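Student: What follows is a structure written as structure tokens; I'll ask about it next.
The values are calculated or read from the model by the stated rules, or taken from the named source; none is laboratory data. Everything numeric here is computed off the predicted structure, so don't read it as measured data. Here the Cβ is made from the backbone with ideal geometry for all residues, glycine too, and neighbour counts use every protein chain on show.
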Amino acid sequence: MHTSRPIEVQGRFLGVAVTQPAANRGSSWRFIATDPAVEDLDGFTFPSPEEARRIAGLVMQHGREPAGGAARPTVAP
């Protein structure tokens, strides 16, 4: 039987972590993404739902930052 946990970050439902057997480690948690913001994590395995939530939060945070860090002011020629 599988166990699942919803993965939410700041009230936003991002996906589900589902238990799966892991070789020599008991079980691990496979992340199933339901939100396009974290689709790159779909299928990744984590040691716990809390770790899946932490990484999903980092991915969301990174997705909101402008490329290259802080926005740079535009200088008129």
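Student: Search segment 19-31 for residues being under 11 Å from P47 (Cα atoms) and surrounded by fewer than 16 Cβ atoms within 10 Å (Cβ to Cβ), and hand back the single one that is modelled with the lowest pLDDT. Reasoning before the result, please.
Tutor: Kept after step one, since they are under 11 Å from P47 (Cα atoms), are these residues of segment 19-31: 19-20, 22, 25-31.
From the residues that got through so far, the ones that are surrounded by fewer than 16 Cβ atoms within 10 Å (Cβ to Cβ) too are 20, 22, 25-27.
Values: Q20: 89, A22: 71, R25: 65, G26: 73, S27: 82.
Taking the candidates together, the pick is R25.
Student: Residue check: is R12 farther than 19 Å from Q61 by Cβ, surrounded by 13 or more Cβ atoms within 10 Å (Cβ to Cβ), in contact (Cβ under 8 Å) with a residue 24 or more places away in the chain and of a type outside the set (A, V, I, L, M, F, W, C)?
Tutor: Spelling it out, it is not the case that R12 is farther than 19 Å from Q61 by Cβ, surrounded by 13 or more Cβ atoms within 10 Å (Cβ to Cβ), in contact (Cβ under 8 Å) with a residue 24 or more places away in the chain and of a type outside the set (A, V, I, L, M, F, W, C).
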